[in-house]
1. Does LEU166 satisfy the condition of being touching a Leu at 6+ places or on another chain (Cβ under 7 Å) and either modelled with pLDDT under 95 or in a strand (DSSP E or B) (or both)?
2. Applying the selection to the range 344-359, what residues are open to solvent by 20 Å² or more (accessible area, probe 1.4 Å) and farther than 13 Å from PRO249 by Cβ?
3. ILE13 fails exactly one of the following numbered conditions: (1) within 22 Å of ALA255 (Cβ to Cβ); (2) open to solvent by 10 Å² or more (accessible area, probe 1.4 Å); (3) of a type outside the set (Lys, Arg). What is the number of that condition?
4. How do the strands (runs of 3 or more DSSP E) wholly within the range 255-333 filter down when requiring 2 or more residues that are open to solvent by 60 Å² or more (accessible area, probe 1.4 Å) and of a type outside the set (A, V, I, L, M, F, W, C): which remain?
5. Restricting to the range 181-237, name every residue that is part of a helix (DSSP H, G or I), among the small types (Gly, Ala, Ser) and open to solvent by 10 Å² or more (accessible area, probe 1.4 Å).
6. Only one of these conditions is not met by GLU113: (1) over 26 Å from ILE181 (Cβ atoms); (2) of a type in the set (D, E, K, R); (3) touching a Gly at 6+ places or on another chain (Cβ under 6 Å). Which number is it?
7. On the given criteria, is ALA254 touching a residue at least 60 places away in the same chain (Cβ under 8 Å) and touching an Asp or Glu at 6+ places or on another chain (Cβ under 6 Å)?
8. Of all residues in the range 62-87, which are closer than 14 Å to ARG225 by Cα and open to solvent by less than 10 Å² (accessible area, probe 1.4 Å)?
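The values are calculated or read from the model by the stated rules, or taken from the named source; none is laboratory data. As the structure is a prediction and not an experimental result, all values here were calculated from the model. FYI the Cβ positions are ideal-geometry reconstructions off the backbone, even for glycines, and counts take in every protein chain you see. For accessibility, only protein heavy atoms count, side chains too; no ligands or nucleic acids. Shrake-Rupley method; radii C 1.70, N 1.55, O 1.52, S 1.80 Å.
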Amino acid sequence: MNETATLRARAEIDLAALRANVRKLRARASGAQLMAVVKSDAYGHGALPCARAAQEAGAAWLGTATPQEALALREAGVGGRMMCWLWTPGGPWREAIEADIDVSVSGMWALDEVGAAAAEAGIPARVQLKADTGLGRGGCQPADWPELVSAARAAEEAGLLRVTGLWSHFACADEPGHPSIAAQLNVFRDMVAYAEKEGVRPEVRHIANSPATLTVPESHFDLVRTGIAMYGISPSPELGTPADFGLRPVMTLAASVALVKRVPPGHGISYGHHYTTSAETTLALVPVGYADGIPRHASGRGPVLVGGAVRTIAGRVAMDQFVVDLGGDTLEAGAEAVLFGPGDRGEPGAEDWAQAADTIAYEIVTRIGVRVPRVHLHEDSGRD
């Protein structure tokens with residue numbers, strides 16, 4: 001803490017907590033392998049250190065959305081099985097093939113492009129076929145599945161690729177008991193069975209995300225993909241708190257108070273004067289704002305631990321700063337303001353900010369901007 005005390009703001013990333021979370025999730029995975037999802041800079045936590053920490057804790061796979069994210073990890077020396085799934089026409093297929101990255105294919109255009117790239121590279125591509133079992137985003141519709149499977153098998157026979165995986169994604173696994181969960185599982189089983197009948201021999205079959213890993217054991221198959229839960233955040237308050245699942249939040253977001261001053265009653269605070277002081281009071285200026293990822297929708301509602309108590313943002317969140325009414329308490333400039341963390345000191349959690357901003361905790365941690373340095377703690381796994 002002392003070495004970062006002079007920073008305007010910081011996001012402390014507890015890699016020991018991340019490793020412990022991965023171990024907990026592996027224990028819940030019913031013997032399946034675990035994919036650590038590190039897309040979007042590891043949900044704002046720092047992709048490279050988080051990927052390494054997850055592997056140290058036993059993650060057998062890494063997952064990214066874009067090929068650029070996966071290639072950056074490879075370029076940094078990260079080995080092991082890796083998959084990326086968000087492709088657009090003309091994407092860097094050959095680079096991914098040469099980097100030994102599994103690529104996801106949802107339709108014929110992608111299969112054609114990856115086959116052509118594999119022929120150019122002279123290396124069979126590792127391809128995972130994605131089934132749309134009901135989410136309605138990426139993935140191949142059941143009606144189009146026979147054509148895709150047939151074409152993939154032909155490409156296998158031609159030596160252009162190997163179908164290493166069959167996979168899908170849940171729509172409502174974060175809503176316990178939602179009828180779509182069982183429906184999607186049934187569709188997935190049917191689509192897997194069809195592909196295997198046609199000769200596909202996948203290394204892994206997977207559909208479980210974080211909430212399904214925690215609550216739908218019949219969905220685990222060969223591999224579970226854990227994203228938000230790995231970072232110690234519950235995928236849904238309805239499922240339970242992080243502590244209910246034995247998980248610990250990994251990110252603590254804090255800032256150094258820039259100014260403390262007395263103001264008279266009736267003083268307007270921040271843009272629009274949506275907050276006015278009711279009496280003479282003390283204000284603290286916290287030097288982070290929506291340019292740092294602090295949601296403007298949390299204006300007047302966002303909780304902050306400062307001066308030994310949890311306070312609420314007074315008025316609008318601005319681009320670079322917001323104000324907290326200390327209610328007359330005294331405080332020195334440079335004092336720490338903790339926006340969210342694991343709760344050890346009574347500070348709010350990311351879920352508290354999600355509720356204040358009418359969003360989900362995924363967005364709260366992922367949106368923290370590049371102006372906020374990540375300070376990775378316990379990078380040496382021997383100190384866990």
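1. Values: touching a Leu at 6+ places or on another chain (Cβ under 7 Å): yes; either modelled with pLDDT under 95 or in a strand (DSSP E or B) (or both): yes.
So LEU166 fits the description; yes.
2. Matches in the range 344-359: GLY346, GLN355, ASP358, THR359.
3. In the conditions (1) within 22 Å of ALA255 (Cβ to Cβ); (2) open to solvent by 10 Å² or more (accessible area, probe 1.4 Å); (3) of a type outside the set (Lys, Arg), ILE13 misses (2) alone.
4. Working: elements: 259-263, 281-286, 303-306, 309-314, 322-325.
Hits in the range 255-333: 259-263.
5. Of the residues in the range 181-237, the ones part of a helix (DSSP H, G or I) are 181-197, 210-215, 217-219, 228-231, 237.
From what is left, the residues that are among the small types (Gly, Ala, Ser) are 182-183, 193, 195, 210, 212, 219, 229.
Within the range 181-237, ALA182, ALA183, ALA193 meet the criteria.
6. Among (1) over 26 Å from ILE181 (Cβ atoms); (2) of a type in the set (D, E, K, R); (3) touching a Gly at 6+ places or on another chain (Cβ under 6 Å), GLU113 violates only (3).
7. Yes.
8. Of the range 62-87, the ones closer than 14 Å to ARG225 by Cα are 62-65, 81-85.
Matches in the range 62-87: LEU62, GLY63, THR64, MET82, MET83, CYS84.
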